[in-house]
Amino acid sequence: MEELVTVALDAMGGDYAPLETVKGGVDAVNASKEIKVLMVGDEEKIRKELAKYTYDQERIEVVAATEVIDNNEPPVQAIRNKKDSSLVRCQRLVKQGEADAMVSAGSTGAVLAGGQLIVGRIKGVHRPPLAPLIPTEKGFSMLIDCGANVDARAAHLLQFAKIGTLYMRHIMGIENPKVAIVNIGTEEEKGNQLVKEAYPLLRECSSINFIGSIEARNIPAGEADVIVCEAFVGNVILKLYEGVAMTLVHKLKASLNASFRGKVGGLLVKPAVKTMMKEFDATEYGGAPLLGLKGLVVKSHGSSNAYEIQNSILQCISFKKQNINVRIEEALNQSDQ
């Protein structure tokens, strides 16, 4: 029997916790025999939700935590003051080696702060980036960074590109991923000061396949596998991406239901539309890993349902098997050829 991948789940984090988080943890255990979930949080509430489901009880364990970090709390202060919060307990389980990874849909700031203060950075990592996969016409791309470093420097963007390349190669199986930097045009002289400083560093780095600048409108076409930017730009891109997708779904449904002809046509195209929407559903790819830490930390959307929680947990299997943290540390501590 293969060694289980143990994931600490912040059962109290997220808009729909513990209802959706507990269900997502149960679904992950039922979907894969390689997963064990430590459900961290209010023991009474967690057990009440668990009673609704059938699962392998040897692979779900409840870890009691008496506090919860809210989204409106100052992240660093919350991490320091609420040491028995579900989020901090998850991070300590990873730090102490009792869990291989943690998943939380709770406060992004607290996840980022705790990741660095408790789990700790890998030697050589300047700024751990948050790096979700986003759907594209060709499959998916990595957006790095999308929320962790709003004051990044050019050297940080270069490191993001290296980390993203390693992730896409070893976790997603893309042998020579194409790297691009987000810009307002494709010409090298375009962009703000940060982009102008980062561009030559990326171009001259032999360990990445840098293809130049990419405009935001070309991201959904899948022109690059690793999309490099600082966190402010990345977060705007991610939120707009999600908003446009939801708006298109709503408009399509409204159009098809507006007339009898539309309803008939809708029945005919429904299978194709469902397939297309599944391909462009970001929840298929789980949460966003905070890369460059000594342990695996995955941040799910605050509005995550059970399906996204499940996928966030399951993606930890690949992280563990490919030993991505060790690969990142080895690569970053080698000088460029």
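By definition, a body whose alpha carbon gyration tensor gives a ≥ b ≥ c is oblate when a/c is 1.5 or more and a/b is not larger than b/c, and region 105-198 fits this oblate description.
Normalised Debye scattering of the chain at q = 0.09, 0.10, 0.11, 0.14 Å⁻¹ gives log10 I(q)/I(0) of -0.49, -0.60, -0.73, -1.11, counting only Cα atoms as equal scatterers and leaving out solvent. When restricted to Cα atoms, region 171-244 yields an Rg and a Dmax of 12.4, 36 Å, respectively.
Of the GluC sites (Glu not before Pro) found in region 26-134, those that fall in a DSSP loop while having at most 13 other beta-carbon atoms within 10 Å are Glu98. Relative to one another, the C-alpha centroids of region 1-64 and region 89-111 are positioned 14 Å apart. Amide H contacts for Asn209 (H built 1.01 Å from N in the peptide plane; partners 5 or more residues away or on another chain; cut-off under 5 Å): Val179.
The modelled label-to-label distance between Arg217 and Val76, using points 7 Å beyond Cα along the C-beta direction, is 4.1 nm. For region 1-94, applying the loop criterion from DSSP together with a ceiling of 16 other beta carbons within 10 Å to the trypsin sites (Lys or Arg not before Pro) yields Lys33, Lys52, Lys83. Over 31 Å apart at the Cα level, from the set Lys178/Lys251; Lys33/Lys251; Lys52/Lys138; Lys23/Lys321, are Lys178/Lys251; Lys33/Lys251; Lys52/Lys138. When shorter helices are ignored and each DSSP H run of at least 4 residues is given -39500 (n - 2.57), the per-residue value for the chain at 222 nm works out to -14000 deg cm²/dmol. Building the convex hull from the alpha-carbon atoms of region 56-153 and averaging its projection over directions returns 9.1 nm². Other residues whose C-beta falls under 15 angstrom from the C-beta of Arg169 contribute a net charge of +1, scoring Lys and Arg +1 and Asp and Glu -1. Binned at 5 Å from 0, what are the whole-percent values of the Cα-Cα distance distribution for region 1-78, short to long? P(r) over region 1-78, rounded to whole percents: 3, 16, 27, 23, 14, 9, 5, 2, 0.
The charge dipole of region 1-41, taken about the Cα centre with unit charges on the Cβ atoms of Lys, Arg (+1) and Asp, Glu (-1), comes to about 120 debye, rounded to the nearest 20. What does the C-alpha gyration tensor say about the overall shape of region 69-119? Classify as rounded when a/c is under 1.5, otherwise prolate if a/b is larger than b/c, or oblate. Taking the square roots of the gyration eigenvalues as a ≥ b ≥ c, region 69-119 is prolate.
Beyond 20 Å in Cα-Cα separation lie the following of the pairs Lys95/Lys239; Lys162/Lys294; Lys196/Lys239; Lys123/Lys239: Lys95/Lys239; Lys196/Lys239; Lys123/Lys239. Here the Karplus relation 6.51 cos²θ - 1.76 cosθ + 1.60, evaluated at θ = phi - 60°, turns the backbone of region 105-113 into coupling constants of 9, x, 3, 4, x, 5, 4, 5, 5 Hz, with x for every Gly and Pro.
Averaging over all projection directions, the Cα-based convex hull of region 153-208 occupies 3.8 nm² in the image plane.
Laboratory data are not the source of any read-out in this text; all were calculated from the coordinates shown. Since the model is a prediction, treat every value here as computed from it, not as a measurement. As a convention, Cβ positions derive from the backbone with ideal geometry for all residues, glycine included, and neighbour counts pool all protein chains shown.
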